Amino acid sequence: MTQTRIVNQGNRRWQQAGVSLLELMITLAIGLVLVAMAAPLVNTTISVYRLRGAGGNYANLLQQTRMRAVANDRYYTVYASTSPGSVAAWAGMNAFADINLQGGANGFYTTAQPSDLGVVFNHAAIVLQPQGAAPNVNNLYNQFMPGIALGAVNINPNTWSAANLSAVTFGPRGLPCYTVAAPPPGGAGTCLYTFNTAAGPQPVAFEIFLQNRQTGAWEAITVNPSGRVREWRFNTSNASWQPLD
């Protein structure tokens, strides 16, 4: 006799995979909180990158120009500005080396051969600032020119440059120099390695300051009398400048 086994499945509970609407809403809420917490950190990182990128690009431009001055046995000027008018006139460049020897107090960027060396940085956020607006400039001076008394070196002697514009010059020795007046077209004139004062000749150096106006952070690029180019950041916690290279 054959027996038939009947399995009753009526009382079994079948479970379905998935999440409820409440669980989904909780997950979304947690995600939004995490995004809100991360946003300031992301914005800060972007701001730091913009300032460091601007300073690094400008410092590299100075180094390239210095080497070009030695190779070509002549002086060259690096113009820099964040003024919208200058940037527009310079084909969108914030800084460039006048390899084409256009000269002038305002500079003139041209792509004629040999091409100018130029860089672009975010001038909507990053601005050039005068030395008088920068914090604790004496601390910076003492670090990039240790052992040299304040006032013994002439800083930023190219006073002929237009307002809101920085002009750094390098001579054929690869050292910073200055021109008495704006460089004439064609590269005529002389770039002097010392600045004559009543107390005697002074070596020449340059300080250029950049600020992120969204965060207030500062960076500086210096050229000492021996031609060394360095980047610095201002540490607000101890009100001092720290080298980046």
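The values are calculated or read from the model by the stated rules, or taken from the named source; none is laboratory data. From a predicted model like this one, the values you see are computed outputs, not experimental measurements. Here the Cβ positions follow ideal geometry from the backbone for every residue, glycine too, while neighbour counts run over all protein chains shown.
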Could you say which residue among PRO185, PRO157, PRO225 is under 30 Å from PRO114 (Cβ atoms) and out of contact with any strand residue (DSSP E or B) (no Cβ under 7 Å at 6 or more places or on another chain)?
-> PRO185
May I ask you to list the residues in the stretch 49-106 that are touching a residue at least 24 places away in the same chain (Cβ under 8 Å), among the polar types (S, T, N, Q) and over 15 Å from ILE126 (Cα atoms)?
-> ASN60, GLN63, GLN64, THR65, ASN72, THR77, GLN102, ASN106
Is it true that GLU207 is of a type in the set (Asp, Glu) and out of contact with any Lys or Arg (no Cβ under 9 Å at 6 or more places or on another chain)?
-> yes
With respect to TYR109, determine if the residue is in a loop (DSSP other than H, G, I, E, B), over 25 Å from THR197 (Cα atoms), touching a residue at least 12 places away in the same chain (Cβ under 8 Å) and within 20 Å of the chain's Cα centre (by Cα).
-> yes
Any idea how many residues of the stretch 120-136 are within 22 Å of GLN63 (Cα to Cα) and at pLDDT below 90?
-> 4
Residue pairs within 8 Å by beta carbon, gap of at least six or interchain, first lying in the stretch 216-230 and in contact (Cβ under 8 Å) with a residue 60 or more places away in the chain, second surrounded by fewer than 23 Cβ atoms within 10 Å (Cβ to Cβ) and hydroxyl-bearing (Ser, Thr, Tyr), listed first then second, are ALA217/SER47
Determine if the stretch 26-40 includes at least one residue that is modelled with pLDDT under 65 and within 22 Å of ARG233 (Cβ to Cβ).
-> yes
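Within the stretch 129-215, which strands (runs of 3 or more DSSP E) (wholly inside it) include 2 or more residues that are under 19 Å from TYR75 (Cα atoms) and of a type in the set (A, V, I, L, M)?
On the way: elements: 166-170, 194-197, 200-212.
So the answer is 166-170, 200-212.
Could you list all residues from the stretch 137-189 that are on the phi > 0 side of the Ramachandran plot and either at pLDDT 95 or above or of a type in the set (A, V, I, L, M, F, W, C) (or both)?
Initial filter on the stretch 137-189 (on the phi > 0 side of the Ramachandran plot): 147, 151, 156, 164, 174, 186-187, 189.
Answer for the stretch 137-189, where residues must be on the phi > 0 side of the Ramachandran plot and either at pLDDT 95 or above or of a type in the set (A, V, I, L, M, F, W, C) (or both): ASN156, GLY174.
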For residues in the stretch 213-245 being more than 15 Å from the chain's Cα centre (by Cα) and hydroxyl-bearing (Ser, Thr, Tyr), which is surrounded by the fewest Cβ atoms within 10 Å (Cβ to Cβ)?
-> SER237
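Look through the stretch 69-97, keep the residues that are part of a loop (DSSP other than H, G, I, E, B) and over 19 Å from the mean Cα position of the chain (by Cα), and return whichever of them is nearest to ASN158 (Cα to Cα). First the steps, then the outcome.
The initial filter retains those residues of the stretch 69-97 that are part of a loop (DSSP other than H, G, I, E, B), namely 73-75, 81-83, 90-94.
Checking which are over 19 Å from the mean Cα position of the chain (by Cα) leaves us with 73-75.
Values: ASP73: 20, ARG74: 17, TYR75: 14 Å.
The selected residue is TYR75.
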